[in-house]
Amino acid sequence: MQTPSPSPSTQPLPDGLEAPRRHWAVTTLMLVLTVVCLDATMVNVALPAMAADLHVSPSRIMWVMIAYSLAVVVSLLPFASIAERIGFRRVFTVGLSVFTLAALACAFAPSFPVLLTARVVQGFGSSMLMALFGGLVRNIYPMNKMGFGISLNALMVGLMAVLGPTVGAFILQIASWPWLFVFYMPMCVASYFGIRFLPDLPRSRHRFDWWACLLSVLVFGLFIIGLDMLATALWDALLCIVVASLATVALVRRSRDQTAPLVPLDLLRITPVAYAVAASFCLYASSMAAFVALPFYFLNVLGHSYAEIGMLLGAWSVGVAGMAPIAGRLSDKYKVAVLCGIGAAGMTAALAWVAVLPVDAGFALVCAVMLLGGVGFGLFQSPNNRAMLIGAPRKRSGAAGGLQATTRVFGQSFGTALTALAFHISTEHGAMLGLVVAIVCSLGALVLNVVRYFSPTPDLEL
């Protein structure tokens, strides 16, 4: 009697893609990652020009970035869950289309309300793409190249952090701000030709949980809004945080017994993944708090010029980008807790060093300290992301990618809000208090990795 062949959903998944398909898939992923990162970093530079051209105040034009970030953070997990149900390539195509069309709408926006609406829509398109990056990396590369794949992503993000503001400033020097959104259109169009090379996993047959989707929007959206409002409207902020906390309790109760919940509590029960998520949240909060506070600290305390501040922040990004490929190779050989612990220790030491530098410290010394901080963050990032992605089952790689992106964006928002609160507490010492916030968050990541190293749980990510 012949044994029936297993169904596609039960067959073992291939260990990554075969060349040359893998090369085309990587090229497509890098193109889209470049576009998303360029968009975020270039628009920041253009905010003053947008405010002047659209005749709005600086505080209102900031909503171009705030609304974009909110759209991203509240929708990452829902889009990751949808991708597991309808397919990675389909969500990638829709996300790229929404992002591209919204960018064109931004370029031709005649007024601030139109621009703001277009940025919200573009945020949703960006979220669809971000939710897939981790899962795509997990399924594009074979296991023996996973460290390289994750470090390549980190390298690209680091490079765009350095090049984005420079490219944006150059475009603004020769043209108006709408050209920022037109600049990356050729890369968006080229990305369509590579979609067919991307991997697509067997789809989940579980129904999409709309109630969990609504609750997750309330949790992340209200919590971030509440943190942002703590400095200006305390009681409204506390109300938002209380409602977000109640929504969190309801969401956990709804999701804890589900097989593939929208909010991946099943993945957080995997100890290596839980450690990676917690440490990632701490270090991303630290890095964003530092990047908000340090420009004020360098300008008002150490007395550096704006040009020097740009170079100092660039030194951090250079450290991240330079360390990323090295960290990728090391993560294939050494324990994640060791690499991440050293990285978090280096970043903590650099931030503490900046805080105690004398006011007459030379530019070269400050630049070297910032480079050390970037190297520490780069050493942490690739191994920790690898632990998060590999610790999750392959069939849940979409959820793992969404969890990775949500942790990053939520951590950055948390660090930004705490630093804003520090400036509200004391305008004179706000920069130093923000730097203390960054040091404390970085120390949290270091402690978590020490605990992770001595944890009796097997190191599943290796």
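The values are calculated or read from the model by the stated rules, or taken from the named source; none is laboratory data. None of these values were measured; they are calculated from a predicted model. Please note: Cβ atoms are built from the backbone with ideal geometry, for glycine as well, and neighbour counts cover all protein chains shown.
Does any residue of segment 444-458 turn out to be free of Cβ contacts under 8 Å to residues at least 60 places away in the same chain and not in a helix (DSSP H, G or I)? Walk me through how you get there before you give the answer.
Going residue by residue through segment 444-458, those that are free of Cβ contacts under 8 Å to residues at least 60 places away in the same chain are 447, 454, 456, 458.
Pick out the ones that are also not in a helix (DSSP H, G or I) and you get 456, 458.
Yes, some residue in segment 444-458 is free of Cβ contacts under 8 Å to residues at least 60 places away in the same chain and not in a helix (DSSP H, G or I).
Here are LEU365, LEU357: which of them is modelled with pLDDT of 90 or more and within 23 Å of VAL436 (Cα to Cα)? If you could, list the steps in order and put the result at the bottom.
Numbers: LEU357 fails: modelled with pLDDT of 90 or more.
Going through LEU365, LEU357 in turn, just one is modelled with pLDDT of 90 or more and within 23 Å of VAL436 (Cα to Cα): LEU365.
Could you grab me the full set of residues in segment 37-62 that are in contact with a helix residue (DSSP H, G or I) (Cβ under 6 Å, 6 or more places away or on another chain) and either within 24 Å of ILE195 (Cα to Cα) or aromatic (Phe, Trp, Tyr) (or both)?
Matches in segment 37-62: CYS37, LEU38.
Consider LEU389 against the criteria (1) without any contact (Cβ under 8 Å) to a residue 40 or more places away in the chain; (2) of a type outside the set (Ser, Thr, Tyr); (3) surrounded by 21 or more Cβ atoms within 10 Å (Cβ to Cβ): it satisfies all of them except one. Which criterion is unmet?
(1)
Could you tell me whether any residue of segment 281-301 is touching a Lys or Arg at 6+ places or on another chain (Cβ under 9 Å), surrounded by 24 or more Cβ atoms within 10 Å (Cβ to Cβ) and closer than 19 Å to GLY391 by Cα?
For segment 281-301, residues touching a Lys or Arg at 6+ places or on another chain (Cβ under 9 Å), surrounded by 24 or more Cβ atoms within 10 Å (Cβ to Cβ) and closer than 19 Å to GLY391 by Cα: absent.
Has segment 56-79 got at least one residue that is without any contact (Cβ under 8 Å) to a residue 40 or more places away in the chain, of a type in the set (Gly, Ala, Ser) and closer than 16 Å to VAL32 by Cβ?
Looking for residues that are without any contact (Cβ under 8 Å) to a residue 40 or more places away in the chain, of a type in the set (Gly, Ala, Ser) and closer than 16 Å to VAL32 by Cβ, one finds none in segment 56-79, hence no.
Restricting to segment 16-27, give me the number of residues that are free of Cβ contacts under 8 Å to residues at least 60 places away in the same chain and either assigned to a helix (DSSP H, G or I) or within 21 Å of the chain's Cα centre (by Cα) (or both). Steps first, answer last, please.
Of all residues in segment 16-27, those free of Cβ contacts under 8 Å to residues at least 60 places away in the same chain come to 18-20, 23.
With either assigned to a helix (DSSP H, G or I) or within 21 Å of the chain's Cα centre (by Cα) (or both) added as a condition, the list becomes 23.
Of the residues in segment 16-27, 1 are free of Cβ contacts under 8 Å to residues at least 60 places away in the same chain and either assigned to a helix (DSSP H, G or I) or within 21 Å of the chain's Cα centre (by Cα) (or both).
Among the residues of segment 226-278, what is the count of those that are touching a residue at least 24 places away in the same chain (Cβ under 8 Å) and among the aromatic types (Phe, Trp, Tyr)?
Number satisfying all stated conditions: 1.
Can you confirm whether segment 418-425 contains a residue that is buried (at least 21 other Cβ atoms within 10 Å of the Cβ), of a type outside the set (Phe, Trp, Tyr) and under 28 Å from PHE79 (Cα atoms)?
Looking for residues that are buried (at least 21 other Cβ atoms within 10 Å of the Cβ), of a type outside the set (Phe, Trp, Tyr) and under 28 Å from PHE79 (Cα atoms), one finds at least one in segment 418-425, hence yes.
For segment 256-269, give me the residue count where each residue is part of a helix (DSSP H, G or I) and touching a helix residue (DSSP H, G or I) at 6+ places or on another chain (Cβ under 6 Å). Quick ask: steps written out before the conclusion?
From segment 256-269, those part of a helix (DSSP H, G or I) are 265-268; that's our starting set.
The next check asks that each one be touching a helix residue (DSSP H, G or I) at 6+ places or on another chain (Cβ under 6 Å); those that pass are 265, 267-268.
Of the residues in segment 256-269, 3 are part of a helix (DSSP H, G or I) and touching a helix residue (DSSP H, G or I) at 6+ places or on another chain (Cβ under 6 Å).
Step by step: first the residues of segment 159-207, then only those that are assigned by TED's automatic domain parsing to the domain that holds PHE92 and in contact with a Gly (Cβ under 8 Å, 6 or more places away or on another chain), then the one that is surrounded by the most Cβ atoms within 10 Å (Cβ to Cβ). Which residue is that?
Within segment 159-207, the match that is surrounded by the most Cβ atoms within 10 Å (Cβ to Cβ) is LEU180.
Conditions tested, residue by residue: (1) surrounded by fewer than 19 Cβ atoms within 10 Å (Cβ to Cβ); (2) of a type in the set (A, V, I, L, M).
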site: MET42; (1), (2): no, yes
site: LEU47; (1), (2): yes, yes
site: ALA52; (1), (2): yes, yes
site: HIS55; (1), (2): yes, no
site: ILE66; (1), (2): yes, yes
site: ALA71; (1), (2): no, yes
site: LEU76; (1), (2): no, yes
site: ALA80; (1), (2): no, yes
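May I ask you to verify whether THR41 is β-branched (Val, Ile, Thr), in the same structural domain as PHE112 (by TED's automatic domain parsing), modelled with pLDDT of 85 or more and within 26 Å of MET187 (Cβ to Cβ)? Give the steps one after another, and end with the answer.
On the way: β-branched (Val, Ile, Thr): yes; in the same structural domain as PHE112 (by TED's automatic domain parsing): yes; modelled with pLDDT of 85 or more: no; within 26 Å of MET187 (Cβ to Cβ): yes.
No.
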